[in-house]
Amino acid sequence: MNLFKPKILHYKSLPSTNNEAARLAAHGAEEGLAVVAEEQTAGRGRLQRSWLSPMGAGLYCSVLLRPKFSADRWPLITFVAALSVSDALLEACGLKTDIKWPNDLLAGERKICGVLAEVIETSEGRAVVLGMGVNVTRDAFPKELAAVAISVDEATGRENQRSTILHFLLKAVARWYPLLEEVEGDQKVIAEWVSRSSYAEGKLVTIVNGDETLTGVTRGLATDGALRLQTELGIVVVRAGDVSRVRAAMKSEARRGSEWLNQQSEGS
Ligand code: BTN
């Protein structure tokens with residue numbers, strides 16, 4: 001088995017496809033194993049959040065990777081996931097998406113997909129479980145989140161098949177992931193990510209990480225995928241956190257606080 005001929009395990013219901021893929025990895029499962037569930041009863045998101053995963057409403061998928069390349073490239077695996085889902089939604093549904101650092105996919109500024117990559121120890125060495133959750137139908141998230149979340153069906157105005165998205169997604173992972181083994185493949189992944197993200201350069205954002213909040217203008221990615229942020233104190237390299245765009249109303253607030261930040265941003 002390999003990424004180009006993945007073994008796909010389909011489940012009706014699982015607590016979390018990431019947990020199941022990790023369990024199978026501990027029993028020696030090979031790279032490329034894909035675990036897919038119709039629902040998750042304890043789906044997990046980034047920053048210890050839960051990921052609601054109602055029956056048949058989303059694509060809930062985890063791919064097992066056993067990277068042989070150097071650990072400083074491992075953070076880019078989540079970028080591979082974002083590029084792969086981005087390709088899959090375009091190829092399967094004709095939907096163009098934006099990427100918000102580090103790896104949220106957006107349609108019309110609302111979140112359509114999240115990625116959770118987890119490093120695990122197995123008897124065959126360290127491995128990565130790459131979990132991807134795509135909102136496919138309107139039932140994928142509660143009504144209260146409608147202002148910030150969107151489904152593929154809503155974004156395209158028609159019904160879409162999870163199986164078709166999955167097919168293109170696994171093909172895309174098999175295309176993008178091997179680049180991380182190539183000499184300048186890491187730079188290719190970053191360059192492509194940047195070209196697909198309106199957040200990569202010149203966007204005025206706020207980044208919250210625990211108790212810390214930073215406001216600044218994005219200035220591209222470092223070689224390990226960290227986000228470079230121009231703040232009043234200079235360039236800060238951010239490795240974790242939740243990014244939000246500073247919207248018009250907040251901008252006028254920010255303008256009062258700092259004329260400088262607004263001069264640095266793209267003025268949108
Ligand atoms: C995020 O917080 O944006 C990441 C969400 C990741 C959800 C996916 S669904 C498949 C896999 N299994 C999980 O429990 N989580 C990931």
If I go through the stretch 32-45 residue by residue, how many of them are open to solvent by less than 50 Å² (accessible area, probe 1.4 Å) and either more than 19 Å from residue 10 (Cβ to Cβ) or assigned to a strand (DSSP E or B) (or both)? 7
Looking at the stretch 104-124, can you tell me whether even one residue there is under 22 Å from residue 12 (Cβ atoms) and open to solvent by 70 Å² or more (accessible area, probe 1.4 Å)? no
Restricting to the stretch 72-87, name every residue that is closer than 20 Å to residue 162 by Cα and either within 14 Å of the ligand (Cβ to nearest atom) or free of Cβ contacts under 8 Å to residues at least 12 places away in the same chain (or both). 81, 82, 84, 85
Scan the stretch 233-249 and tell me whether some residue there is assigned to a helix (DSSP H, G or I), in the same structural domain as residue 87 (by TED's automatic domain parsing) and free of Cβ contacts under 8 Å to residues at least 24 places away in the same chain. no
Only one of 196, 228, 175 is touching a strand residue (DSSP E or B) at 6+ places or on another chain (Cβ under 6 Å) and in contact (Cβ under 8 Å) with a residue 60 or more places away in the chain; which? 196
Scan of the stretch 119-136 for residues that are over 20 Å from residue 99 (Cβ atoms) and either within 15 Å of the ligand (Cβ to nearest atom) or among the small types (Gly, Ala, Ser) (or both), ordered by number: 119, 120, 123, 125, 127, 129
Identify, please: which residue in the stretch 56-95 is under 15 Å from the mean Cα position of the chain (by Cα) and either acidic (Asp, Glu) or open to solvent by 20 Å² or more (accessible area, probe 1.4 Å) (or both) and is, among those, nearest to residue 34 (Cα to Cα)? 78
So, of the residues in the stretch 46-55 that are in a loop (DSSP other than H, G, I, E, B) and within 11 Å of the ligand (Cβ to nearest atom), which turns out to be surrounded by the fewest Cβ atoms within 10 Å (Cβ to Cβ)? 48
Residues of the stretch 15-30 satisfying the condition of being in contact (Cβ under 8 Å) with a residue 60 or more places away in the chain, open to solvent by 20 Å² or more (accessible area, probe 1.4 Å) and more than 12 Å from the ligand (Cβ to nearest atom): 26, 28
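The values are calculated or read from the model by the stated rules, or taken from the named source; none is laboratory data. Quick caveat, the model's predicted, so the values are computed rather than measured. Counting neighbours? That spans all protein chains shown, and the Cβs are built from the backbone with ideal geometry, glycine included. Accessible surface areas use protein heavy atoms only, side chains included; no ligands, DNA or RNA. Shrake-Rupley method; radii C 1.70, N 1.55, O 1.52, S 1.80 Å.
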